[in-house]
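K.L.:
Pasting a structure here, questions to come.
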Amino acid sequence: MADYTIDETVDITDVVCPVTFVKAKVALEELEDGQVLSIRLNDGEPVQNVPRSIKEEGHQILKLIDNGDGTYNLVVKRITLEDQT
Amino acid sequence: MKLTVTGNVKEYADGLTVAKLIELEKVETPLYVTVSINDEFIASGTFEETVLHEGDIVEFLYFMGGGQR
Amino acid sequence: MALSNEQLERYSRHIILSEVGAKGQKKILDSKVLIIGAGGLGAPAALYLAAAGVGTIGIADADEVDLSNLQRQVIHTTPDVGKAKVLSAQETMNAINPQITVNTYRQFVDASNIMDLIADYDFILDGTDNFPAKFLINDACVLAKKPFSHAGIIRFKGQLMTYVPDKGPCYRCVFREPPPPDAVPTCRQAGVIGAMGGVIGSLQAMEAIKYIIGKGDLLTGYLLTYDALKMDFRKVKLPKVSNCAVCGDSPSILKPFDYEQAVCKV
């Protein structure tokens, strides 16, 4: 049972590193503080690196869902850092 | 007396004028240099009579053209 | 408008910076910068601003590319010799970034055209080589309330300052009047290391970018001087002059005017 509501979704399976993270970051930038984004990403390098980079930006990872088709959905809550505008 | 001239602290003779300092420091275009003392510009016609004092901070600002042709 | 995947990739190194992000990159894409002079300073500035995605870049210069320009004016190449500098610059900028618009003005900038020229732009970059032009650009930018970057290079030295309306001293506050013709050497007569244009012109581009994204401290109220032989950068504080003839409390210069153009004797 989900204890969150997804406000926005973004698909980053159509791009490769480093644009994967950039595209996710831009989608997060456009949310309000506390809103939730679901990011569809590929297995392998994206699923290894993108969650870590997003965490380093200070956002909160809520869940990683395996879609069973070589893709994942990463559910992230936007946290505004002080130095972000 | 000690003066800070273009960032360097050095010993100079008491009673030194700006005109004399310009000569000592071998300023390249002595007639066309802007001088500031303690963050105030001094008028270009007054270099002869402006006397420097202990601790003064002096900057020379040069005309610099060039860059297009 | 959302950035395309291609734009996300092209500008990824900007967007990844917390000071820029997608918001800052969109500001850059929407911005308009005018570069006066496609020479030693204007060339590197134009390359970086085009690469950065400045949406509209104006470039003004009446000259053609000369073989002696190529030692420092890195936007022009050997096959460009004889071509109008503004066209050569436009071709290189569009080759780097086809998404931007480059407006060319193949003309000398003078009192009769400068106000119209700068009107459409957010930031002006002075890459000229003579004092009448530098004072003209200063006066016009102060009167039109446009921010601009002044720079000069000679031999192994360079200088830079940024004027922002109502914020800092202007070029005239510091230098008052142009020196008489030939009283002060220009780089044609005195020479200059090509990389000096790269250093100082790139700093001008950096000031333009910072102004556009609204981040950091600009070089307002300071003159940055660079002495390459001593490898010395200094920021000299500039007082604001309340009786400045153009930006002071009761200015006497109310519209731009031309000083007699010093004809450079080669």
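Every read-out reported here was derived from the displayed coordinates using simple, explicitly stated rules and does not represent laboratory data. Just so it is clear, the structure is predicted and the values come from calculations on it, not from any experiment. Cβ atoms come from the backbone with ideal geometry, glycine included; neighbour counts cover every protein chain shown.
K.L.:
Quick one, what does Rg over Rh come out to for chain C if you take C-alpha atoms and the Kirkwood Rh?
P.N.:
0.95
K.L.:
Another question about this same structure. Over the residues of the range A:8-77, compute the C-alpha Rg and express it relative to 2.2 N^0.38 Å.
P.N.:
Compactness ratio reported: 0.97.
K.L.:
Among C:VAL102, C:VAL20, C:VAL33, determine the one that fluctuates most according to a GNM of chain C built with springs between C-alpha atoms less than 10 Å apart.
P.N.:
The residue with the greatest mean-square fluctuation here is C:VAL20.
K.L.:
Here's another thing I want to ask about it. Mind checking which aspartates and glutamates have their Cα closer than 15 Å to the Cα of C:LYS210? Skip sequence neighbours fewer than 8 apart in that chain.
P.N.:
Once the sequence-local aspartates and glutamates are set aside, what remains near C:LYS210 is C:GLU19, C:ASP30, C:ASP122.
K.L.:
Further question: Return the calculated 222 nm mean residue ellipticity for the protein assembly as shown, to the nearest 500 deg cm²/dmol, obtained by summing -39500 (n - 2.57) across DSSP H runs with n ≥ 4 and dividing by the residue count.
P.N.:
Calculated at 222 nm, the ellipticity per residue is -8000 deg cm²/dmol.
K.L.:
In debye, nearest 20: dipole of the range C:16-237 around its Cα centre with unit charges on the Cβ of K, R (+) and D, E (-)?
P.N.:
Dipole magnitude for the range C:16-237 comes out near 680 debye.
K.L.:
Moving on to the next point. I need the calculated FRET efficiency for the pair A:ILE61 and A:GLU32, taking r as the beta carbon distance and R₀ as 25 Å, to the nearest 0.05.
P.N.:
0.85
K.L.:
How many percent of Cα pairs in the protein assembly as shown exceed 36 Å?
P.N.:
Taking all Cα-Cα pairs of the protein assembly as shown, the fraction more than 36 Å apart is 38 percent.
K.L.:
Does anything in the range C:104-128 have its amide N under 16 Å from the 7 Å Cα→Cβ label point of C:ASP66, and if so which residues?
P.N.:
Label zone hits: C:108, C:128.
K.L.:
Here's another thing I want to ask about it. Determine the shape class of the range C:28-186: with a ≥ b ≥ c the square roots of the Cα gyration tensor eigenvalues, call it rounded for a/c under 1.5, and otherwise prolate if a/b is greater than b/c, oblate otherwise.
P.N.:
Here the range C:28-186 falls in the oblate category.
K.L.:
May I pose another question? Looking at chain C, do any whole DSSP H helices span at least 27 angstrom along their long axis by alpha carbon and average 1.0 or above on Kyte-Doolittle, and which?
P.N.:
Qualifying helices: C:194-213.
K.L.:
Ratio to report: Rg/Rh of the range C:99-200, with Cα atoms as the point set and Rh obtained by the Kirkwood method; give two decimals.
P.N.:
Rg/Rh for the range C:99-200 comes to 0.96.
K.L.:
Test of understanding: extend the Cα→C-beta vector of C:ALA190 to 7 Å, then name every residue of the range C:73-88 with backbone N under 20 Å from that spot.
P.N.:
C:73
K.L.:
Next question, about the same structure. Enumerate the aspartates and glutamates that C:LYS83 could reach by cross-link, defined here as Cα to Cα under 19 Å, with residues fewer than 8 away along the same chain left out.
P.N.:
Within the straight-line cut-off, C:LYS83 pairs with C:ASP61, C:ASP63, C:GLU64, C:ASP66, C:GLU91.
K.L.:
Along the charge dipole of chain A, which of A:VAL19, A:VAL50, A:THR9 sits closest to the positive end, that is, farthest toward it, with unit charges on the beta carbon of Lys, Arg, Asp and Glu (+1, +1, -1, -1)?
P.N.:
A:VAL50
K.L.:
When the convex hull of the Cα atoms of the range B:2-62 is projected onto a plane and the area is averaged over all directions, what value comes out in nm²?
P.N.:
Projected area, direction-averaged: 3.6 nm².
K.L.:
Determine the dipole magnitude for chain B: charges of +1 sit on the beta-carbon of Lys and Arg, -1 on that of Asp and Glu, nothing else is charged, the reference point is the Cα centre, and the result goes in debye to the nearest 20.
P.N.:
340
K.L.:
Would you please give the residues with an amide H less than 5 Å from that of A:LEU62, counting only those at least 5 places away or on a separate chain, with H modeled from the backbone geometry?
P.N.:
Amide H neighbours of A:LEU62: A:VAL75, A:VAL76, A:LYS77.
K.L.:
For the pairs C:LYS167/C:LYS240; C:LYS157/C:LYS240; A:LYS23/A:LYS77; B:LYS10/C:LYS157; C:LYS85/C:LYS255, note any where the Cα-Cα span goes beyond 19 Å.
P.N.:
Cα-Cα > 19 Å for C:LYS157/C:LYS240; B:LYS10/C:LYS157; C:LYS85/C:LYS255; rest within.
K.L.:
Still on this structure, I have one more. Work from the charge dipole of the protein assembly as shown (Cβ charges, +1 for Lys and Arg, -1 for Asp and Glu, about the Cα centre) and give the residue of C:MET1, C:ILE35, C:VAL20 farthest towards its positive end.
P.N.:
Ranked along the dipole, the leading option is C:ILE35.
K.L.:
Counting only residues 5 or more places away or on other chains, whose amide H sits under 5 Å from the amide H of C:GLY221 once H atoms are built in the peptide plane?
P.N.:
Amide H neighbours of C:GLY221: C:THR162.
K.L.:
Taking Cα pairs under 8 Å and at least six residues apart, what relative contact order does chain C come out at, in percent?
P.N.:
Computed value for chain C: 20 percent relative contact order.
K.L.:
Same structure, new question: With every atom except the alpha carbons ignored, what do you get for Rg and Dmax of the range C:119-266, in angstroms?
P.N.:
Considering the range C:119-266 through its Cα atoms, Rg and Dmax are 15.0, 43 Å.
K.L.:
For chain C, modelled as a Gaussian network with Cα springs under 10 Å, which listed residue fluctuates most, C:ALA245, C:ALA45, C:ALA183?
P.N.:
Ranking C:ALA245, C:ALA45, C:ALA183 by mean-square fluctuation puts C:ALA183 first.
K.L.:
Fewest to most neighbouring Cβ within 10 Å: what's the order for C:LEU125, B:LEU31, C:LEU218?
P.N.:
So the ranking, lowest neighbour count to highest, is B:LEU31, C:LEU218, C:LEU125.
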